[in-house]
Amino acid sequence: MVISLGTRRASVIDDELTASFAPGRTILELVQTKSSRDALRPVRAVVEIVRHAGGLMPRALLGGAFTPSEGEADLLIEVQTSGEDSTGTPSCRSRLWTPLIPGLPDEFAQPVVDGFIRRPLPAGRIVVDRAAFDPVESSPLAFELAAELLAIVLHAMLTGREVEQSARAAIEAWP
């Protein structure tokens, strides 16, 4: 699904294999959260965002899998990065514009963690293993917003809420 709201666009899909990359390092963050009483199943999604802001078009593609845990009170955020190299061939399919470079440079890892902390999932483990970027247009804020959107989409999928409505509300709230 593609959502367009003026200068803000986002795509939400189940998975994007062209956004797979060889992990360079992994960042782990443990966050206290609420355990869920619902019977939850593992879910996966990929989001892509573009925000037109003057001459800039911040872009980010981010995806991962969430596995809930019963009886736990913590959320483990696992963000795989592609290292410091921000070069490569744009071979990741984009539903919003030109192809992106698969990977998550180290500079965008902490903003991804921050996005998940701001929109925490229930107890369990989120593994970010899909990402793609534009060497000019991507930014830390774009990846933070993408992580927030991914958390919202995964939570909607977990709880049976309407994914498009949840995503649309999040996009409307972007700064």
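The values are calculated or read from the model by the stated rules, or taken from the named source; none is laboratory data. Predicted, not measured: the structure shown is a model, and the values here were computed from it. A quick note on method: Cβ atoms are made from the backbone with ideal geometry, for glycine too, and the neighbour counts reach across all protein chains shown. Each accessible area value is taken on the protein alone, full model and side chains, heavy atoms only, with ligands, DNA and RNA left out. Shrake-Rupley method; radii C 1.70, N 1.55, O 1.52, S 1.80 Å.
Quick check on this structure: which one of 151, 167 is out of contact with any strand residue (DSSP E or B) (no Cβ under 6 Å at 6 or more places or on another chain) and aliphatic (A, V, I, L, M)? First the steps, then the outcome.
Numbers: 167 fails: out of contact with any strand residue (DSSP E or B) (no Cβ under 6 Å at 6 or more places or on another chain).
Only one candidate passes the filter, namely 151.
Looking at residue 96, is it touching a residue at least 40 places away in the same chain (Cβ under 8 Å) and under 24 Å from residue 26 (Cβ atoms)? Outline the logic, then answer.
Numbers: touching a residue at least 40 places away in the same chain (Cβ under 8 Å): yes; under 24 Å from residue 26 (Cβ atoms): no.
So residue 96 does not fit the description; no.
Could you check residue 12 against (1) crowded, with 17+ Cβ neighbours inside 10 Å; (2) touching a Leu at 6+ places or on another chain (Cβ under 7 Å); (3) closer than 23 Å to residue 169 by Cβ and say which number it fails?
The single condition residue 12 does not satisfy is (2).
Consider the range 92-107. How many of its residues are more than 16 Å from residue 15 (Cβ to Cβ), part of a loop (DSSP other than H, G, I, E, B) and not aliphatic (A, V, I, L, M)?
Of the residues in that region, 4 qualify.
Given the conditions (1) open to solvent by less than 30 Å² (accessible area, probe 1.4 Å); (2) assigned to a helix (DSSP H, G or I), and given that residue 121 satisfies all but one, which numbered condition is not satisfied?
Unmet for residue 121, out of (1) open to solvent by less than 30 Å² (accessible area, probe 1.4 Å); (2) assigned to a helix (DSSP H, G or I): (2).
Within the range 68-84, how many residues are in a strand (DSSP E or B) and in contact (Cβ under 8 Å) with a residue 60 or more places away in the chain?
So the first thing to find is which residues in the range 68-84 are in a strand (DSSP E or B), and the list is 68, 74-81, 83.
When the remaining residues are screened for being in contact (Cβ under 8 Å) with a residue 60 or more places away in the chain, the result is 68.
Matching residues across the range 68-84 total 1.
Examine the range 44-62 for a residue that is open to solvent by 30 Å² or more (accessible area, probe 1.4 Å), more than 16 Å from residue 138 (Cα to Cα) and not aromatic (Phe, Trp, Tyr), and state whether such a residue exists. First the steps, then the outcome.
Initial filter on the range 44-62 (open to solvent by 30 Å² or more (accessible area, probe 1.4 Å)): 44, 51-57.
So of that shortlist, the ones also more than 16 Å from residue 138 (Cα to Cα) come out as 44.
Then drop every residue that is not not aromatic (Phe, Trp, Tyr), which leaves 44.
So far as the range 44-62 goes, yes, one or more of its residues are open to solvent by 30 Å² or more (accessible area, probe 1.4 Å), more than 16 Å from residue 138 (Cα to Cα) and not aromatic (Phe, Trp, Tyr).
Hey, any hits in the range 152-164 for a residue that's in a helix (DSSP H, G or I), touching a helix residue (DSSP H, G or I) at 6+ places or on another chain (Cβ under 7 Å), within 12 Å of residue 64 (Cβ to Cβ) and open to solvent by less than 20 Å² (accessible area, probe 1.4 Å)?
yes
Checking residue 17 against (1) within 26 Å of residue 4 (Cα to Cα); (2) more than 15 Å from the chain's Cα centre (by Cα); (3) surrounded by fewer than 15 Cβ atoms within 10 Å (Cβ to Cβ); (4) not charged (D, E, K, R), only one condition comes out false. Which one?
Failing condition for residue 17: (2).
Considering only the range 1-38, how many residues are among the charged types (D, E, K, R), at pLDDT 95 or above and either under 18 Å from residue 78 (Cβ atoms) or part of a loop (DSSP other than H, G, I, E, B) (or both)?
4
Return the residues of the range 20-41 that are surrounded by 13 or more Cβ atoms within 10 Å (Cβ to Cβ) and of a type outside the set (S, T, N, Q); say none if nothing qualifies.
Scanning the range 20-41 gives 21, 23, 24, 27, 29, 31, 40.
Out of all the residues in the range 39-61, which are within 21 Å of residue 114 (Cβ to Cβ) and at pLDDT below 90?
Within the range 39-61, 53, 56 meet the criteria.
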